[in-house]
Structures are given as C-alpha cells and as structure tokens.
1. Quote to one decimal, in nm, the extra length available between N129 and D115 on full extension: 0.36 nm per residue of separation minus the C-alpha distance between them.
2. Run the reach check for K149 against aspartates and glutamates, Cα to Cα strictly under 15 Å, same-chain hits fewer than 8 apart removed. What comes back?
3. With r defined as the distance between the Cβ atoms of V37 and A75 and R0 fixed at 30 Å, what FRET efficiency is calculated, to the nearest 0.05?
4. At most 11 other Cβ atoms within 10 Å and a DSSP loop assignment: could you name the chymotrypsin sites (Phe, Trp or Tyr not before Pro) in region 1-35 that fit?
5. Taking 8 Å as the Cα distance limit and 6 or more residues as the minimum spacing, I'd like the relative contact order of the chain as a percentage.
6. With a 1.4 Å probe and all protein chains left in place, how much accessible area per residue does region 1-88 have, in Å²?
7. Nearest 0.05, what FRET efficiency do F4 and V63 give at R0 = 30 Å with Cβ-Cβ as r?
8. Using the Cα centre of region 32-125 as the reference point, and only Cβ charges (+1 on K/R, -1 on D/E), how large is the resulting charge dipole? Debye, rounded to the nearest 20.
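The values are calculated or read from the model by the stated rules, or taken from the named source; none is laboratory data. This is a predicted model, so every value here is computed, not measured. Positions of Cβ are generated from backbone atoms using ideal geometry, with glycine treated the same way; all protein chains shown enter the neighbour counts. Ligands, DNA and RNA are stripped out before the accessible areas are found, and what is left, the full protein with its side chains, is counted by its heavy atoms. Shrake-Rupley method; radii C 1.70, N 1.55, O 1.52, S 1.80 Å.
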Amino acid sequence: MIWFNIKELETRLKNGVLSDKEAFNYLLITLIFSSVVTYIGGSDNTNNWFIAIEILVSIVVTVIGTKKTFDINSAGDNKDYFKRFLSLSFVTGIRFLVLLIILAIPVGTIVYFVDKNLDINENTKDLFNVALMAVCEVIYYFMLINSFKRLNQ
C-alpha cells in the first residue's frame, strides 16, 4: 500500500496493477479516518471515556460492516465492488436518513420529557448517546449488507 508517493500510485492505477484488495484497504482506511476525524477538537461537556468508547465502537462497526460487504461481493460475482459500495452506500444513507428523521420526532419527544421530568446524570446521557450512535451505525451497515446480499444472489 502506497501512503505518500502519488506518482507511484498513479502509475499503478494507469497500468491496472492496483488490485481490488489494495483499493479496499484504501477505502477502509478512509472510512476509519472519517470515523475518527469527527471527534478531533472534542467537547468539554462529554467524558473522555465515552468519546473513546464511541470512537472504538465506530471503528469496529465500520471495519466489520465494510469487510462484510467486500466478502459478500467477493463470494458472489466479484464485480465492480467500488461502484456498488459507493452507489449502494449513498442510497442506503439517504434511506436511513429519512428513517432517522421519521423516528427523531417521537424519540426526541420522549427523550425531552424524560430528561425534563427525571434527574438523569450526565454519564447516563453520554451512555445513551453512545448506544444510540452504535445502534444507528449497526442499522446502516445492516441495511447496506442486505443490499449487497440481494445484489449477489
């Protein structure tokens, strides 16, 4: 894997010697970096342990979910993984966003009233946020993996 020499990477791409496995590694590292970069700068209100747990969960779900899509595609017809990943993840993301918007209203209302009427400490709120983030990521990758399965049947 080439980390810095863009000319060498361009040459390998031009000559068609970059394998899908190498391209998958570039994708995976980009997704991991994207998972972590959102936490740079952090927040003064959140416990550092919860941020670390959230980063770890995000990386694990991203790696497992992305690897599973690659494995499903490889076991199927093994064609156009990156076209499939990019297009399916985009449409899956849009569909998931619509689902989140629909669910945000009742869930947000419940959370608002629970928070207003009960004295819940910050650690419990942080734990709820980590769990909510993890559930959202798992559902997204579940939807994406199912799409890859349907495509490769």
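1. Roughly 3.7 nm would be gained on extension.
2. Cross-link targets: D71, D77, D80.
3. For R0 = 30 Å, the calculated efficiency reads 0.40.
4. W3, F4
5. This gives 36 percent for the chain.
6. 66
7. 0.85
8. Approximately 440 debye in magnitude.
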